[in-house]
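This report concerns only the one structure given below.
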Amino acid sequence: MKSIQDLYKIGKGPSSSHTIGPERAARLFREKHPDADRYTVILYGSLSKTGRGHGTDRVLLEVLSPTPTEIVFSEAQTGFSHPNTLDFHAWYGTEKSPRLRVESIGGGDILAEGLPDVEPPEVYPENSFAEILEFCQLRRLSLWEYVEVNEGPEIWDFLGTVWQAMCRSVEEGLTAEGILPGGLNVERKAKHLLQNSHPGELDEVKECRIVSAYAFAVSEQNADCGTIVTAPTCGACGVLPAALRYMQQRHRYSDQRICRALGVAGLIGSLIKRNASISGAECGCQAEIGSACAMAAAALCTLCDLDANQTQYAAEIALEHHLGLTCDPICGLVQIPCIERNAVAAMRAFNALNLSFFLSDTQRISFDMVVKTMYETGVNLAQQYRETSEGGLAKLYNRRSR
């Protein structure tokens, strides 16, 4: 399994698979063909269907500028193995280079033909939670200690940087106001949520309001092409920082403890990425928001000193109850229903924590089984529900607005 450093990427939104991944691919291609007269980039699948709303064409033009670049939104339905596929060509006069085919597989990661160095090395010998649990029990290690054994102590400096970036996205999102770009006229709500307390507000309501405000803050930053951390993706970037930021402020947890929680969350996200998918185009929103909720639930367990069994149960609950969640962004923008989903999933992570605390001894379904189920569910979702904006809310909204 890959390092958790491969999961957490600091970059600009609104989509890890549609902006961060293609941006990396374009930079690699430009390095390979720096003297070309012009470029052609052909987008397929989800990149073609929602690339305009997600800003794929914008980021490609920015990276390949000032060389003239043509972006082609292909309607081809076959001939590629991943729904986020793009081909690059360089032109030298009338001569065209062989294509560079790239798959943007989610979380900002890419697979590219002829560029094996893009693939990060394996860091963890274990590839399932069952294997990790057995290793930890034999050596009496906690999950965060297991992370350090495999990653080395330098992982905490990396996660410290990740946490600082997450906190900045929360704070910046809480102070920003106005309308998000894209034409849906979605107003930023994070600041309003944070400040809109009322007399007699119940503690439970206050907790929901504040956690939701933090999730909205990060998700709105993402929608506005601001800097966020993939956790595990841009579209689900608000869930984990919202839960951890709230807990740190309420319970005064040190940054060190937060980083340990981030380490365990990264472990959960990496397992899902290794054994299923974190790509909405491949498996629907269950792969993004569901994975983020599982990561947040595991992080909360770590903060609360729950053991490995309780942690995997919380992650299992969180992912299981997002099974079948479709990805149908209106107008291809990462705004509706994406922003609200981050807040709902952040609160659901707390529910998973509470259930795990009391009921872990009754567990019948393993985390590994739910990961496998999520993948099977995702690949069997109809294409229009996998980040194409051709079904669900996206289709009904467009029909109503005509």
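Data overview
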item: Residue in region 253-262 that is of a type in the set (Phe, Trp, Tyr), open to solvent by 10 Å² or more (accessible area, probe 1.4 Å) and assigned to a loop (DSSP other than H, G, I, E, B) present; result: yes
item: Meets criteria (part of a helix (DSSP H, G or I), open to solvent by less than 40 Å² (accessible area, probe 1.4 Å), more than 24 Å from LEU244 (Cα to Cα) and touching a residue at least 12 places away in the same chain (Cβ under 8 Å)) for CYS136; result: yes
item: Matching residues, region 7-49, being touching a residue at least 60 places away in the same chain (Cβ under 8 Å) and among the aromatic types (Phe, Trp, Tyr); result: TYR8, PHE29
item: Odd one out for CYS301, checked against (1) open to solvent by less than 10 Å² (accessible area, probe 1.4 Å); (2) of a type in the set (A, V, I, L, M, F, W, C); (3) in contact with a His (Cβ under 9 Å, 6 or more places away or on another chain); result: (3)
item: Residue list for region 42-100, restricted to those being open to solvent by less than 20 Å² (accessible area, probe 1.4 Å), of a type in the set (A, V, I, L, M), at pLDDT below 95 and more than 29 Å from GLN221 (Cα to Cα); result: LEU100
item: Region 378-389 residues that are farther than 21 Å from LEU319 by Cα and open to solvent by 50 Å² or more (accessible area, probe 1.4 Å), paired with ones that are hydrophobic (A, V, I, L, M, F, W, C) and in a helix (DSSP H, G or I) (beta carbon under 9 Å, 6 or more apart); result: GLN384/ALA394
item: All positions within region 378-395 that are farther than 17 Å from LEU47 by Cα and touching a Gly at 6+ places or on another chain (Cβ under 6 Å); result: GLY378, LEU381
item: Among residues of region 133-179, those that are basic (Lys, Arg) and either within 26 Å of ILE228 (Cα to Cα) or touching a helix residue (DSSP H, G or I) at 6+ places or on another chain (Cβ under 9 Å) (or both), counted; result: 2
item: Wholly within region 273-377, helices (runs of 4 or more DSSP H) carrying at least 2 residues that are of a type in the set (D, E, K, R); result: 308-320, 338-359
item: Search result, residues across region 203-225 that are closer than 21 Å to LEU159 by Cβ and open to solvent by 10 Å² or more (accessible area, probe 1.4 Å); result: TYR214, GLN221
item: Hey, SER197 among the hydroxyl-bearing types (Ser, Thr, Tyr) and not in a loop (DSSP other than H, G, I, E, B) or not; result: no
item: Boolean, LEU240 is modelled with pLDDT of 95 or more and buried (at least 24 other Cβ atoms within 10 Å of the Cβ); result: yes
item: Residue among SER366, SER360 that is at pLDDT 95 or above and either among the basic types (Lys, Arg) or more than 23 Å from VAL229 (Cα to Cα) (or both); result: SER366
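So that you can scan it fast, the table gives a plain yes or no per residue for (1) closer than 20 Å to GLY378 by Cβ; (2) among the charged types (D, E, K, R); (3) surrounded by fewer than 18 Cβ atoms within 10 Å (Cβ to Cβ):
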{"residue": "THR326", "(1), (2), (3)": "yes, no, no"}
{"residue": "PRO329", "(1), (2), (3)": "yes, no, no"}
{"residue": "GLU340", "(1), (2), (3)": "no, yes, yes"}
{"residue": "PHE358", "(1), (2), (3)": "no, no, yes"}
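The values are calculated or read from the model by the stated rules, or taken from the named source; none is laboratory data. Treat the numbers as computed from the prediction; the structure is a model and nothing was measured. Cβ: placed from backbone, ideal geometry, glycine included. Neighbour counts: every protein chain shown. Just so you know, the surface numbers come from the protein's heavy atoms only, side chains and all, with ligands and any DNA or RNA stripped out. Shrake-Rupley method; radii C 1.70, N 1.55, O 1.52, S 1.80 Å.
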